[in-house]
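Engineer: Structure in structure tokens, see below.
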Amino acid sequence: MSNPSALVQKLWNYCNILRDDGLSYGDYVEQLTFLLFLKMADEQAKPRFNPPSPDGLRRAGKPSPVPPQFSWPELLKRDGDELEIHYRHTLEELGKRSGMLGVIFRKAQNKIQDPAKLRRLIVDLIDKEQWSNLSADVKGDAYEGLLQKNAEDVKGGAGQYFTPRPLIAAMVEVIAPQPNQSICDPACGTGGFLLAAHDYLAKHHALDRAQKKKLKSGTFFGIELVDSVTRLCAMNLLLHGL
């Protein structure tokens, strides 16, 4: 599926089912974040997601940051109460890890109490897509669409989660970031300003190889105090290729 709006609609249609169980939009986006991270880590560990080398051979996938006992296939093989217990244990254990795992899963909780609906979300919705094959624009735009829908549903304090993108674009245009600068957002929310600064640099400057590498890792810094918002920001940046 290459259409971000269609992908958002597909993901959002399932949220309407879960809302009957009392799950908020924010809770749903958070659960999607956990499951997407596990699915993509599994995909990227497989050889078929790596391009062939000059000799025509596909190299092994990159090592998954997720321990095997908490990997995506371990979720797929379970059902019912066993799935719910294993998923809860997975979130708890990954939240104790360092690095990106800790950022994504810190204080994570399973908010989907019905194992049948959790199973359907995993098998019918997330597993049916090859997320690593989708372009960064499609994945990123789809996730941004979910963040925007979530913000529209939050009656108070929505600006913490989602500043209107035209406003962000106008501010970045005024600041006009330059290559090789460090760019920091001291209250980064879900990362909209950082992404807009990245897009501005890529659009307005002919970057050399070293500058492109620095743009991917080492240019952008964000500060966010709320764990749940921090994980949304990290996932947003990851899906956009940062």
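Engineer: I'd like the full set of residues that are part of a helix (DSSP H, G or I), open to solvent by 70 Å² or more (accessible area, probe 1.4 Å) and without any contact (Cβ under 8 Å) to a residue 60 or more places away in the chain, limited to segment 88-115.
Structural biologist: Of everything in segment 88-115, those that are part of a helix (DSSP H, G or I), open to solvent by 70 Å² or more (accessible area, probe 1.4 Å) and without any contact (Cβ under 8 Å) to a residue 60 or more places away in the chain turn out to be ARG88, HIS89, GLU92.
Engineer: Ok, one more. Of the conditions (1) farther than 23 Å from LEU36 by Cα; (2) in contact (Cβ under 8 Å) with a residue 12 or more places away in the chain; (3) of a type outside the set (Lys, Arg), ALA210 fails just one. Which one is it?
Structural biologist: Every listed condition holds for ALA210 apart from (2).
Engineer: Here's another thing I want to ask about it. Among the residues of segment 196-213, count how many are under 13 Å from GLY140 (Cα atoms) and open to solvent by 40 Å² or more (accessible area, probe 1.4 Å).
Structural biologist: Adding up the residues that qualify gives 1.
Engineer: Going through segment 147-175 one residue at a time, which ones are at pLDDT 85 or above and either open to solvent by 30 Å² or more (accessible area, probe 1.4 Å) or within 25 Å of LYS10 (Cα to Cα) (or both)?
Structural biologist: Matches in segment 147-175: LEU147, PRO166, LEU167, ALA169, ALA170, MET171, GLU173, VAL174, ILE175.
Engineer: Those residues that are over 11 Å from LEU194 (Cβ atoms), among the polar types (S, T, N, Q) and either at pLDDT 90 or above or surrounded by 12 or more Cβ atoms within 10 Å (Cβ to Cβ) (or both), I need them from segment 214-228; list them, please.
Structural biologist: SER228
Engineer: Given the condition modelled with pLDDT of 95 or more, open to solvent by 30 Å² or more (accessible area, probe 1.4 Å) and in contact with an Asp or Glu (Cβ under 7 Å, 6 or more places away or on another chain), answer yes or no: does some residue in segment 69-87 qualify?
Structural biologist: yes
The values are calculated or read from the model by the stated rules, or taken from the named source; none is laboratory data. If you're wondering where the values come from, they're calculated on a predicted model, not measured in any experiment. Please note: Cβ atoms are built from the backbone with ideal geometry, for glycine as well, and neighbour counts cover all protein chains shown. Remember, those area values only see protein heavy atoms, side chains included, never the ligands or the DNA or RNA. Shrake-Rupley method; radii C 1.70, N 1.55, O 1.52, S 1.80 Å.
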